[in-house]
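First the structure, in the form of structure tokens, and then the observations on it.
The values are calculated or read from the model by the stated rules, or taken from the named source; none is laboratory data. These numbers come from a predicted model, not from an experiment. Here Cβ is always computed from backbone atoms with ideal geometry, including for glycine, and neighbour counts include all displayed protein chains. Side chains are part of the model used for accessible areas, which takes the heavy atoms of the whole protein and leaves out ligands, DNA and RNA. Shrake-Rupley method; radii C 1.70, N 1.55, O 1.52, S 1.80 Å.
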Amino acid sequence: MAKVILPSGEVREAQGISFLELLGLGTKNAAAALVNGKLCDLRDTIPSTGEARILTTSDPAALEVLRHTAAHILAHAVTRLFPGTKLAIGPAIADGFYYDFRFEKPISHEDLVRIEEEMQRIVAEDLPLERVWIPRGEAEKLLRERGEIYKLELLEEIPGEEISFYRQGEFLDLCRGPHLPSTGLVRHFKLLDLAGAYWRGDPNRDMLTRIYGTVFPTKEALEEYLRWREEARRRDHRVVGPQLDLFSIQNEMIGAGLVLWHPKGARIRRIIEDFWVSEHYKAGYQLVYTPHIGRSRLWQVSGHLDFYRESMYAPMDIEGQEFFLKPMNCPFHIAIYKTKVRSYRELPIRYAELGTVYRFERSGVLHGLLRVRGFTQDDAHIICRPDQVEEEIRAVLRFALYMLRSFGFEEFSAYLSTRPEKCVGDPADWERATEALKLAVEGEGLDYQVKAGEGAFYGPKIDIEVQDSLKRSWQLTTIQFDFNLPERFDMVFIGPDGRQQRPYMIHRALLGSLERFLGILIEHYGGAFPVWLAPVQAVVLPVSEGEIEYAEEVAKKLLEEGIRAEAWTKEGKTLRWLIREAQLQKIPYMLICGEREKAQGLVALRLRTGEDLGPKPLSEVVARIKAASFPRSPLI
């Protein structure tokens, strides 16, 4: 008999009956069962051996079931309000749930209120969710009679002769579950948005309407999430970036997914680039520059034309030769390596480049700076001997964490992706590379998860995710072995025995792309960048026309000290307006010049936080700004 742990902690032994039968009237908030790490429906039969645990709606492990049931309640409400609507899919997702529909007539955001009210009525009805097994032939007939063309397509992919459906009241949906026992357990939910979504993600298929929602076991958790979501909306880089005049994306004139860097955004980018270059030279990298285009032969040898063509832009004919915009930098770095015979004494060689690449992304997935078509990679390739692998990986990982911490990130998660079933390379090389990655992560004291079999076909990798100020995770650093390109390009070095040997090649990106990284930074800081990154560190504000000349002199002295400063002397606005505008632009320091400050050679210092520090000697202010103008310094 199996051991079943009840929410109270009581242990019972049972077999051959469902979890619901075991519970009886015991636990009204029971949501699902966890059997050997797998979520199961409470209607499922208790196995004859093993251990199971009953989850309640407040158990984090049951959140997926809660969200899945909320998606069914959403679909139920929609079919009540909009008869004739066709159902697609409705899964639980990271922050809630969604359901895709094909409406007979378009709906708007205003309709979400009606749908949510209908969902509340369905919850109040406390309808039991019943699992119904229908023979395949009958299931197909049922869906065909209802005109559920999307469900029919899904049915074709489901094995077996008995098909799982779930019923609640008059609503019946093709679904494998698991689900909550009744709709009454879904109490705290909110519909959030609607958007277009292609069926099966294919732009050549039907455009459907996707309705997003979220649900939590408690009212407090829902309210906390909605507050978090509002803060995330307020920090959205697509809003904050243009507000701060950092960048623009002009779809009609320039093209979707192509970024125009305005002077302030370009200044931040240059600061990041200068820091990146300086630190890479210190770490023993050699910086290179490579073209934006290359002949088709290069991409044929690399394999990109065979495996990556759909993400490359159409070829150009140049004097009868076919050229492509580069989607990657690595083939060019290999070409530099192969310009001469390399000795084992030269290795490791570390080539680094802030190389701009171009990849075709469908318009539906473009997203501000986070997903673009032209971007600059923080790219490097390490070419080393087998005996150098472990130390090189450790050095890369230490370097990555140093760089990420310099930009204010402190929480990290690591993921180790290992050899898939189909791959290239010697198994011994895979083992050596994987062990080097594993030892490096453990050596830095990072928690990590192993993604067995999820490495690329050409090598294992480590991905590092950072957590931002809103507790969201972003994948930035990748350290990726490549056993494919050294073979395709016949990369060799001369060993101590005078024979040719194949080097190891490691791709690595620390920050990802500059575009995406800046988008993440904008949202991490809400646009209030640390002083060392702020495009304008200080603004000098005259109280009246009589202090304009003095304000301009102060700004000139700041510039001479290497401080990024502006004198706002041509706006013709009141001091109150100037202060407000400086705060909106999130400038760290405001130096106010009034009649008294002018007479005494002082400035009145204000912070963007609203704190007034009063009159200060300019030398003291300069020292304060400089002290905060280094990586890893506090905000002010």
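Residue-wise test of (1) open to solvent by 10 Å² or more (accessible area, probe 1.4 Å); (2) under 23 Å from ILE272 (Cα atoms).
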| residue | (1), (2) |
| --- | --- |
| VAL341 | yes, no |
| SER363 | yes, no |
| CYS384 | no, no |
| LEU404 | no, yes |
| SER417 | no, no |
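Taken together, the residues in the stretch 364-386 that are within 19 Å of TYR351 (Cα to Cα), out of contact with any Lys or Arg (no Cβ under 8 Å at 6 or more places or on another chain) and assigned to a helix (DSSP H, G or I) amount to 0. Every condition in (1) within 39 Å of the chain's Cα centre (by Cα); (2) open to solvent by 40 Å² or more (accessible area, probe 1.4 Å) holds for LYS3 except the one numbered (1).
Per-residue answers, yes or no, for (1) in contact with a strand residue (DSSP E or B) (Cβ under 7 Å, 6 or more places away or on another chain); (2) under 30 Å from LYS556 (Cβ atoms); (3) open to solvent by 20 Å² or more (accessible area, probe 1.4 Å):
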{"residue": "GLY495", "(1), (2), (3)": "yes, no, no"}
{"residue": "GLU523", "(1), (2), (3)": "no, no, no"}
{"residue": "GLY526", "(1), (2), (3)": "no, no, no"}
{"residue": "ALA534", "(1), (2), (3)": "no, yes, no"}
{"residue": "ALA538", "(1), (2), (3)": "yes, yes, no"}
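Regarding the stretch 253-262, can at least one residue be identified that is modelled with pLDDT under 95, among the β-branched types (Val, Ile, Thr) and either open to solvent by 50 Å² or more (accessible area, probe 1.4 Å) or part of a helix (DSSP H, G or I) (or both)? Yes, because at least one residue in the stretch 253-262 is modelled with pLDDT under 95, among the β-branched types (Val, Ile, Thr) and either open to solvent by 50 Å² or more (accessible area, probe 1.4 Å) or part of a helix (DSSP H, G or I) (or both). Any idea which residue in the stretch 154-177 is nearest to ARG200 (Cα to Cα), counting only those that are open to solvent by less than 20 Å² (accessible area, probe 1.4 Å) and in a loop (DSSP other than H, G, I, E, B)? Among those that are open to solvent by less than 20 Å² (accessible area, probe 1.4 Å) and in a loop (DSSP other than H, G, I, E, B), it is CYS175.
In the stretch 557-593, the qualifying residues are those that are touching a residue at least 12 places away in the same chain (Cβ under 8 Å) and polar (S, T, N, Q), and the one that is farthest from PRO242 (Cα to Cα) is THR569. Of the residues making up the stretch 10-35, those that are surrounded by fewer than 14 Cβ atoms within 10 Å (Cβ to Cβ) and either under 38 Å from the mean Cα position of the chain (by Cα) or closer than 14 Å to LEU185 by Cβ (or both) number 1.
In the set (1) under 30 Å from ASP447 (Cβ atoms); (2) crowded, with 21+ Cβ neighbours inside 10 Å; (3) not charged (D, E, K, R), the condition left unmet by HIS367 is number (2).
Hey, does the stretch 141-153 have a residue that's assigned to a strand (DSSP E or B), out of contact with any helix residue (DSSP H, G or I) (no Cβ under 6 Å at 6 or more places or on another chain), of a type in the set (Phe, Trp, Tyr) and open to solvent by less than 40 Å² (accessible area, probe 1.4 Å)? Within the stretch 141-153 (the criterion being assigned to a strand (DSSP E or B), out of contact with any helix residue (DSSP H, G or I) (no Cβ under 6 Å at 6 or more places or on another chain), of a type in the set (Phe, Trp, Tyr) and open to solvent by less than 40 Å² (accessible area, probe 1.4 Å)), the answer is no, since none of the residues qualifies.
With (1) touching a residue at least 40 places away in the same chain (Cβ under 8 Å); (2) part of a strand (DSSP E or B); (3) open to solvent by 50 Å² or more (accessible area, probe 1.4 Å); (4) not small (Gly, Ala, Ser) as the list, and ASP126 as the residue in question, which single condition is left unmet? Going through the list (1) touching a residue at least 40 places away in the same chain (Cβ under 8 Å); (2) part of a strand (DSSP E or B); (3) open to solvent by 50 Å² or more (accessible area, probe 1.4 Å); (4) not small (Gly, Ala, Ser), ASP126 breaks only (2). Hey, any hits in the stretch 66-77 for a residue that's crowded, with 19+ Cβ neighbours inside 10 Å and among the basic types (Lys, Arg)? Yes - at least one qualifying residue is present in the stretch 66-77.
For the stretch 98-120, taking the residues that are within 13 Å of HIS72 (Cα to Cα) and in contact (Cβ under 8 Å) with a residue 12 or more places away in the chain, the one that is surrounded by the fewest Cβ atoms within 10 Å (Cβ to Cβ) is identified as GLU116. For the stretch 426-447, the set of residues classified as in a helix (DSSP H, G or I), within 18 Å of MET505 (Cβ to Cβ), open to solvent by 60 Å² or more (accessible area, probe 1.4 Å) and touching a Phe, Trp or Tyr at 6+ places or on another chain (Cβ under 9 Å) consists of ARG432 only. Restricting attention to the stretch 605-618, the residues being of a type in the set (A, V, I, L, M, F, W, C) and either assigned to a helix (DSSP H, G or I) or touching a helix residue (DSSP H, G or I) at 6+ places or on another chain (Cβ under 6 Å) (or both) number 2. Do we find that VAL132 is in a strand (DSSP E or B), open to solvent by 20 Å² or more (accessible area, probe 1.4 Å) and hydrophobic (A, V, I, L, M, F, W, C) in this structure? Yes: the conditions hold for VAL132.
Every condition in (1) open to solvent by 50 Å² or more (accessible area, probe 1.4 Å); (2) in contact (Cβ under 8 Å) with a residue 24 or more places away in the chain; (3) in a helix (DSSP H, G or I) is met by GLU597 except one, and the failing one is (1). Does GLU223 meet the test of being over 30 Å from VAL365 (Cβ atoms), open to solvent by 40 Å² or more (accessible area, probe 1.4 Å) and without any contact (Cβ under 8 Å) to a residue 60 or more places away in the chain? So GLU223 fits the description; yes.
Conditions tested, residue by residue: (1) modelled with pLDDT under 95; (2) in a loop (DSSP other than H, G, I, E, B); (3) open to solvent by less than 20 Å² (accessible area, probe 1.4 Å); (4) closer than 27 Å to PRO331 by Cβ.
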site: LYS264; (1), (2), (3), (4): no, no, no, no
site: ILE268; (1), (2), (3), (4): no, no, yes, no
site: GLU273; (1), (2), (3), (4): no, no, no, yes
site: VAL277; (1), (2), (3), (4): no, no, no, yes
site: PRO291; (1), (2), (3), (4): no, yes, no, yes
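Just one residue in the set ARG419, ARG394, ARG398 is touching a residue at least 12 places away in the same chain (Cβ under 8 Å), more than 23 Å from ALA283 (Cβ to Cβ) and not in a strand (DSSP E or B); that residue is ARG419. Looking across the stretch 226-252, the residues that are in a helix (DSSP H, G or I), open to solvent by less than 100 Å² (accessible area, probe 1.4 Å) and of a type outside the set (Gly, Ala, Ser) come down to LEU226, TRP228, ARG229, GLU230, GLU231, ARG235, HIS237, VAL239, VAL240, PRO242. Considered as a group, the residues in the stretch 189-220 that are hydroxyl-bearing (Ser, Thr, Tyr) and over 22 Å from the mean Cα position of the chain (by Cα) include one that is least open to solvent (accessible area, probe 1.4 Å), and that residue is THR209.
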